[in-house]
1. Could you give the angle, 0 to 90 degrees to the nearest 10, between helix 127-141's Cα long axis and the longest principal axis of the Cα atoms of the chain?
2. Output the 0 to 90 degree angle, nearest 10, between the alpha-carbon long axis of helix 61-81 and the longest principal axis computed from the alpha carbons of the chain.
3. Considering only C-alpha atoms, what is the centroid distance from the range 34-94 to the range 106-137, in Å?
4. How high is the relative contact order of the range 11-141, given as a whole-number percent (alpha carbon pairs under 8 Å, six or more residues apart)?
5. Order of 67-73, 81-87 by packing, highest average Cβ count within 10 Å first?
6. Test of understanding: ordering 103, 58 by Cβ neighbours within 10 Å, fewest first, what list do you get?
7. Determine the relative contact order of the range 72-136: mean sequence separation of Cα pairs under 8 Å and six or more apart, normalised by residue count, in whole percent.
Ligand code: AMP
């Protein structure tokens, strides 16, 4: 399952090593959750496995299961924190599918009826807003 093409210097690998900042909301033995810096909707959150995994094809099934368990917990908190009418889960594999960071991740997007999403990975959010949103998700997680 290991991926010889995994780039250990991708931004999520740096976040995992503490070499890049992140507005963290969740952590367990296998996964990390943090705010997307270019949110497509308010509360856009990412969950990643700690394993150096490029995409779903290279993921250890056990790790994939742990990741989805973390996604369920974080998505439940995001839904509560943003009073979301719906939650969209998105997971992109490969450049052709729109993947821009080559470390496996699941997007958690709170949605409200009739409100469009912003463009993918386009506009940086205000760090203070992201810090506030992260705090709301952490509160909903009870952590
Ligand atoms: P994808 O295109 O599915 O690979 O998604 C990558 C996501 O990572 C995009 O939504 C970006 O906005 C987001 N992103 C890029 N750099 C960072 C970062 N330093 N911290 C948090 N999210 C990031």
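Values quoted throughout were computed directly from the atomic coordinates according to the rules given, and no laboratory measurement underlies them. Computed from a predicted model, the values in this text were never measured in an experiment. Ideal geometry is used to build each Cβ from the backbone, glycine not excepted, and the neighbour counts take in all protein chains shown.
1. Around 90 degrees separate the two axes.
2. For helix 61-81, the angle is close to 10 degrees.
3. Result: 13 Å between the Cα centres.
4. Reported relative contact order: 32 percent.
5. Working: 67-73: 18.4, 81-87: 16.1.
Order by mean packing, descending: 67-73, 81-87.
6. 58, 103
7. 31 percent
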